[in-house]
Every structure is written in C-alpha cells, then in structure tokens.
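Shown next, in structure tokens, is the structure this report addresses.
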Amino acid sequence: DVAYLRSVLPSTIDDAFFDYLATLDASEVTVTAIPEGSVVFARVPFLQVKGPLLVVQLLETTLLCLINYASLVATNAARFRLLAGPDMKLIEMGLRRAQGPDGALSASKYSYIGGFDCTSNILAGKLYGIPVRGTIAHSFIMSFRCLEEVQPRELPPRAGGDPVDLADLAVSWLQRVCDLLQTPPSKANQGELAAFVSYAVTFPCDFQGLLDTYCVRRSGLPNFCAVALALHQLGYQAIGVRLDSGDLAQQSKEIRGVFQACGAHFQVPWFGTIPIAVSNDISEQSLEEFRREGSEIDMIGIGTHLVTCPLQPSLGCVYKLVEVNGSPCLKLTEDEEKMTIPGMKAIYRLYDAAGHPFMDLMALEEEPSPSAGQELGIRVLGRLEETTKVIPSTVEPLHRTYFRDGQVCEPLPSLPEVRTHAQVSLNLLSPAHRRLHEPQPYPVAVTERLHQLFLELRQGS
C-alpha cells in the first residue's frame, strides 16, 4: 500500500511521511455510536470517532460507505414494512437489480434488519443466516410441452404404500376442477400442467405454483388446483401460489374464491387458506393500492424498488470535524442546515408519559445528564432564536462506546437481535411521527450551553 501511494503522490513528499503511514493502527481511536437498528433523526450524530486527526480522517470514506447504503436500505425496507403491516410476509428479491454482488448482499442483509422476513439470495442466507425463500420460475414452466416429458412421475402416498402415477391422477382431477369452475380442460396448457406435476413429484411437501405463465383463470389456476388436489389425495399439502403480472389485488381475490370453492366442494378445508404471493415491480404505491382496494395477498416479493431505493438514491450522511486538540470547531456555510453543531456531544432521547419519544437532545459531553421529571430549557433546531421548556417522563442516553484501545468493548448484537431492535424502535414512535405521508416533524434540540457555544464560535468567526 505504501509503495502504491509513493507512486501516485508527489515526489516531493518526505520519506518520513510514508514511514509514519506504515506504523498506523487504531489503538488510539474511540468510537461511540447509537446502537445498530435504532431510529435516528436528521442532524443527530449517530457515530462519534475520537483519535489522532490523520487516523480518523482516513476512516471517513470507509465509515460513510459502510453506513450510508446500509441505513438507506434498512430505512427503505422499514417503510415497506410499515405499509404492509405486521402480518404480511415480505421477501427481498432484488439480487438481479442490485448494484453489483456486494450491493446485493448488503441489500439482503439490511432489508432483513428493516423488517423483511426472508430473501431469495441464497448466499445471503448462507453468510448471514437470513431465512431463504423462493418460487418456481417462468422458464421452468415454459420448458415443458406435454405430460410425456415428466420423468419420474410416480409418487408414493405420504402414509406409505405403492407409488401412484401423479400425472394421471392430476389429469383426472383437472376434469373435476374444470367442471366446478365451468372452464374447458382444453384451455389448460399441458406444458404448464406437466411442469406442476414434475415439481410436485420432486417437492411433494413444498409444492407451489406460478400461475400467470399463460392464463391465470383458464390455465394456471385449474392446473394448480388439479395437482394440489392430487397431492392431497396422497396425503400432501400444497404451500402456495405466486402471481407476477396483471391486477394483483383483484386476481388474489378471485384466486381466493376459487380455493374456497374447491375446498368446500371437494371437502378439503385447508384448501381455502393456501397462501397467495405476488411480485412484479412492487413499490410503495403498490402496497397502498393493495390496502385501498383490499386483497387476499399473504406474501409480497419486492426487488427493484427495495434495493435501488428510487425514492431516495442516497442517504447523505456526513462526517464532520467538531473538536480538535480540545477546542470545539464549527463549519460555517451559507446554508444554515449544513452548519455543524460544535463540540463532543452526548445524545439523549426524551420520552413522553405514553412511552413515545418526542425529542432528541444534544448536550456537551461534560454537561450533567438531564433527569426524568426535570424541566429543561432547550433550543430546537430550526427555531434557535427561542427557548422551549420540556419535561421528559423518561430520558435515554443513546450513545454507547463500542471501540476503545484497539478493542471492541461492547457486545455486538446478532443480526436477528438488530432486526428486533429496529422494529421495537419504530414501534415506539408515535403514529404522527411514524406515518409516511406528511409526518409530524420530529424535533431535535440542543441544550442552552451547547447553543451558547454555537453562538460564540459563529460570532468569533
């Protein structure tokens, strides 16, 4: 590394500088941060790094790279979770649309933290322990032309006994299903039926159908029901279907009606509750439409609009110097929102009597901690000209020290623990702050002492 830097930096640089670079380590660096998975608001420093100036400057790009996209995707996933509600199953399916393999793995990991239930990315499952789920591909169904291509085609009953030709059994059930649905069996695509039979023979306990390769109503649905009922006759139970085109909400209601009709007519009670999954360029607007129109959807696969974050392609976290050699410093700018808050700070979250956070407070590190039930005089960012009085019911210090003297000094949570913490953090927010459209702004404030320091440095400059 040092040799490479010598080759690209000016030749006038002193050799002692390169000798110094070769000795760098992180033993003098201290990192404090808000725990991973916490809700963090604008202007609140969620990570503080102390150490030799050159070392902590070298960390800037690395830390921002690791934090920005991860936080962005986790936030995007959390928005989808809030829209979908707590009971909807969400699958991350963005591997083919993500910005390269590293972006895809990050997207899978941080979508899980944000509230998704599983991923179609098998490598993410292997590396991070995220539950993996998938469905049949259109190419698999399209690769079959007729039932003669199904090999093997026999399946023994689940309770034991002689194998049964599942293809023949499915054909007999297809006639009965089509009679019930009043649709001609000739309209059901034979290649699709063959694909379903082949899949069912291989995965009799995990049979699922992709219904829209040809025509949902005339082909995919009767073919699936025929194979699922054939499996039921042998003691197995289908696990679900997927839709990937068309009016997903309306189709889900029609499919649920067919499942319920088959369950009642053929006396198979569980048939009416077969899970229905959907995919196809799902966005936040899609989820809002599902809720508005009503649907029978149980599971949603989301890819492009999750991992590429089109509503906000970058998060914009920044890394700013606030103190050097014990002296606080301030970045002044024409844009007041981009001014930094000087000094090393402690961060507190203030809760109301209902248990909801109502404000985050920045204080100088040496200031005494605020106390529950004690009136505080503070200045809200954006309204710094006026003092506001607040009385928190609970005060939570947010920063913890994670790295000191070259060692990790706080136990790092597992991925499921971070995911749980993220959902708890979101659920603590009041509905007014949590809503996605026109939310009530969440105030961030500074103590009077920190505000006074800010004024002194600005006036001194």
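The values are calculated or read from the model by the stated rules, or taken from the named source; none is laboratory data. Remember, predicted model here, so these are calculated numbers, not experimental data. When we count neighbours, we look across all protein chains shown, and the Cβ atoms used for this are built from the backbone with ideal geometry, even at glycine. Side chains included, ligands, DNA and RNA excluded: accessible areas come from the protein's heavy atoms. Shrake-Rupley method; radii C 1.70, N 1.55, O 1.52, S 1.80 Å.
Write down, largest first, the equivalent ellipsoid semi-axes of the range 1-99 in whole Å, where each equals the square root of 5 times an eigenvalue of the alpha-carbon gyration tensor. Numbers along the way, then the final one.
Working: eigenvalues 316, 69, 19 Å².
For the range 1-99, the semi-axes come out at 40, 19, 10 Å.
In summary, the helical segments of the chain meeting the span-like criteria, namely a full DSSP H run, a Cα extent along the axis of 30 angstrom or more and a mean Kyte-Doolittle hydropathy of at least 0.0, are 53-84. In a reduced charge model with +1 at each Lys and Arg Cβ and -1 at each Asp and Glu Cβ, the range 136-272 shows a dipole moment near 340 debye about its Cα centre. In the range 356-461, the C-alpha radius of gyration followed by the widest Cα-Cα span (Dmax) gives 17.0, 49 angstrom. Divide the volume of the convex hull around the Cα atoms of the range 129-239 by the residue count and you get 108 Å³ per residue. Sorted largest first, the principal axis extents computed over the alpha-carbon atoms of the range 335-407 equal 41, 34, 21 Å. Expressed as a whole percentage, what fraction of the accessible surface of the chain belongs to carbon and sulfur atoms when a 1.4 Å probe is rolled over the protein heavy atoms? Carbon plus sulfur share of accessible area: 52 percent.
Among the lysines in the chain, how many pairs, 8 or more places apart or on different chains, have alpha carbons under 12 Å apart? So the count of such lysine pairs works out to 5. In loop segments of the range 5-79 as defined by DSSP, the GluC sites (Glu not before Pro) with at most 15 further C-beta atoms inside 10 Å of their C-beta are E28.
Could you work out how far the C-alpha centroid of the range 402-450 sits from that of the range 1-46, in angstrom? So the separation of the two Cα centres works out to 26 Å. Here the Debye sum runs over all C-alpha atoms of the chain as equal scatterers in vacuum, and log10 of I(q)/I(0) at q = 0.07, 0.14 Å⁻¹ comes out as -0.53, -1.28.
Rounded to whole Å, the principal axis extents of the Cα atoms in the range 34-161 read 72, 31, 27, largest first.
In the chain, excluding the sites themselves, the longest stretch lacking any of the trypsin sites (Lys or Arg not before Pro) that are in a DSSP loop with at most 11 other Cβ atoms within 10 Å is 97-382.
Put the Cα centre of the range 240-319 next to the Cα centre of the range 132-170 and the gap is 26 Å.
On average, how much accessible surface per residue is there in the chain, in Å², for a 1.4 Å probe, leaving out ligands, DNA and RNA? Mind showing how you got there, number by number?
Working: 23370 Å² over 461 residues.
Ligands and nucleic acids excluded, the figure is 51 Å² per residue.
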